[in-house]
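Report on the structure given below.
The values are calculated or read from the model by the stated rules, or taken from the named source; none is laboratory data. Remember, it's a predicted structure, so these values are computed and weren't measured experimentally. FYI the Cβ positions are ideal-geometry reconstructions off the backbone, even for glycines, and counts take in every protein chain you see. Note: areas computed on protein heavy atoms with side chains; ligands, DNA, RNA excluded. Shrake-Rupley method; radii C 1.70, N 1.55, O 1.52, S 1.80 Å.
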Amino acid sequence: MTHLHEVDLAPLAPERFEGVLGPDWEEFKAAIASGRQLFRGRTIWNVNSTAKGGGVAEMLRSLLAYAEGGGVDTRWVVISGNPEFFRVTKRIHNNLHGAEGDGGDLGAAERAVYEQALEPNATEMVELVEEGDVVLLHDPQTAGLSTPLKEAGAVVLWRCHVGLDTPNDKARAAWSFLKPFLETSDSFIFSREAFVWDDLPDEKIQIVPPSIDAFSPKNQDMAPAQVTAILAAAGVVRDGVGGEAPTFVRVDGSEDRVDTPADVVGGPVPADARLVVQVSRWDRLKDPLGVMAGFVEHVAPASDARLVLAGPAVEEVADDPEGAEVLQEVIDARERVSEEVRERVHLACLPMEDGEENAALVNALQRRADVIVQKSLAEGFGLTVAEGMWKARPVVASRIGGIQDQIEDGKSGLLLDDARDLKAYGAAVLRLLEDPETAESMGRAARERVRTDFLGARHLMQYLDIIEKLLR
């Protein structure tokens, strides 16, 4: 393959869920047996635009590995594209969130860029897929593959991971751009009901919330000394505890170390500092500038806490051409903060060369946080919220998209009615910093919420049910 890249999948035993699912384990065990029988002789293909960086890639790596471990022939391929293609698809992504993005059009010229970039991917994909195979296409980048794959005899499902609670003209323009490519799809899967587009056939619509993997390097349990050692090894936190190795467990069960340093603007945080942390891509819709401004204006003056804004090393995320630009905007904004407060704002670019090492570093950073923030202006689901909740951390997040499906306001976290209200954001963070008992209680409730509703076992069972109905 010259345009498609196949991602290696190491099978994972779905039996490991027995320890966390409790009474729901028997239902999942039966689903594993059913899927093995249903998909015998078929391959399940998943197609997206990147193997690392972002929640979709993380979910695929986990879910497909468990499907493989359950005896289903599962494969994951990543499409290629030129810079113009990714500029257009980033524009579509922003517009689907209702955002202006770069302000560009989605007209005939953009359609030509999109189609030309996907044509060689489609040619290679059609050669791989056999009649009766099942293909799950993920997000706008892959929508143009639906018709050729359907014509090749595959069952085609398109999964949209982004959306908007109240669509505007920008969102509808993106819908209009993509709809002609999707007319032949057998099913449309959205993360929540509010994200469903107008004028799609009701019988083809399915709702499947995303999920996290409780056992991945990003979410596996870590002892406090291990957390400190990992963050110190990466240069995120000053070395305050000696003797512990910065180790984590890889997906294949082997033990490894975090050795690659992060690039931390502002230097490492003190070992004993209280931390407010947001982990996300360098993306304007994640509002890193607003997170910083709210901290500087409303949290820093009333507490001794420090802020860590963490995201991927931008050169490692191929399908997000705006990342470097947004990061520079955040760096420039930090420079305008008074020196006294500036030293309490840290920007961490986390290494991405090794995805599992990166995940372990994120895990340690979230566990080290006193308060986790996700103050997004738009959000499809917000997997970092579920990740923080699984670690029993109190989360302050915007009442938008799938975030409001995860957090029960006042019980398993705090929701912001207006993501742009920096005063309210600051007050919510301070409330948790000043009341550790409430913060701890919310953290415990948050973990239980994820255990029951947002783990991969539920996700796989929903996919099985949808595909089974299409095949039968």
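Could you say whether any residue in the range 153-162 is at positive phi, without any contact (Cβ under 8 Å) to a residue 60 or more places away in the chain and not charged (D, E, K, R)?
Checking the range 153-162: at least one residue is at positive phi, without any contact (Cβ under 8 Å) to a residue 60 or more places away in the chain and not charged (D, E, K, R).
Of all residues being under 17 Å from the mean Cα position of the chain (by Cα) and open to solvent by 20 Å² or more (accessible area, probe 1.4 Å) in the range 286-311, which is farthest from H5 (Cα to Cα)? Just the residue, please.
This residue is D287.
If the Cβ limit is 7 Å and pairs must be 6+ apart or interchain, which residue in the range 271-294 that is more than 23 Å from M389 (Cβ to Cβ) and small (G, A, S) pairs with which residue that is part of a helix (DSSP H, G or I) and open to solvent by 10 Å² or more (accessible area, probe 1.4 Å)?
Qualifying pairs under 7 Å: A271/T228; A293/L422.
Among the residues of the range 14-31, are any in contact with a Gly (Cβ under 7 Å, 6 or more places away or on another chain), in a helix (DSSP H, G or I) and within 30 Å of E448 (Cβ to Cβ)?
yes
Given L415, L432, which one is touching a Ser or Thr at 6+ places or on another chain (Cβ under 8 Å), part of a helix (DSSP H, G or I) and at negative phi?
Result of the check over L415, L432: L432.
Looking at D256, D221, D252 in this structure, which one is touching a residue at least 24 places away in the same chain (Cβ under 8 Å) and part of a loop (DSSP other than H, G, I, E, B)?
D252
Restricting to the range 85-113, count the residues that are free of Cβ contacts under 8 Å to residues at least 40 places away in the same chain and over 24 Å from the mean Cα position of the chain (by Cα).
Residues flagged as free of Cβ contacts under 8 Å to residues at least 40 places away in the same chain and over 24 Å from the mean Cα position of the chain (by Cα) within the range 85-113 amount to 8.
Every residue in the range 33-90 that is farther than 21 Å from A122 by Cβ, basic (K, R) and buried (at least 18 other Cβ atoms within 10 Å of the Cβ), please.
Across the range 33-90, the qualifying residues are K52, R61.
List the pairs whose first member sits in the range 207-218 and is on the phi > 0 side of the Ramachandran plot, whose second member is part of a loop (DSSP other than H, G, I, E, B), and whose Cβ atoms are under 9 Å apart, counting only residues at least 6 apart or on separate chains?
none
Quick one: which residue in G243, G235 is surrounded by fewer than 20 Cβ atoms within 10 Å (Cβ to Cβ), modelled with pLDDT of 95 or more and at positive phi?
G235
Can you give me the number of residues within the range 271-291 that are out of contact with any Ser or Thr (no Cβ under 9 Å at 6 or more places or on another chain), modelled with pLDDT of 95 or more and more than 28 Å from A229 (Cβ to Cβ)?
Looking only at that region, the number is 2.
Okay, residues lined up against (1) open to solvent by 10 Å² or more (accessible area, probe 1.4 Å); (2) of a type in the set (K, R); (3) at positive phi; (4) in contact with an Asp or Glu (Cβ under 7 Å, 6 or more places away or on another chain):
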{"residue": "T384", "(1), (2), (3), (4)": "yes, no, no, no"}
{"residue": "M389", "(1), (2), (3), (4)": "no, no, no, no"}
{"residue": "P394", "(1), (2), (3), (4)": "no, no, no, no"}
{"residue": "R399", "(1), (2), (3), (4)": "yes, yes, no, yes"}
{"residue": "E408", "(1), (2), (3), (4)": "yes, no, no, no"}
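Evaluate the following for A154: is it open to solvent by less than 20 Å² (accessible area, probe 1.4 Å), at pLDDT 95 or above and of a type in the set (A, V, I, L, M, F, W, C)?
yes
Please verify whether A386 is outside any loop (DSSP other than H, G, I, E, B) and farther than 27 Å from Q206 by Cβ, treating the condition exactly as stated.
no
Hey, can you tell me all the residues within the range 1-46 that are among the β-branched types (V, I, T) and touching a Phe, Trp or Tyr at 6+ places or on another chain (Cβ under 8 Å)?
V7
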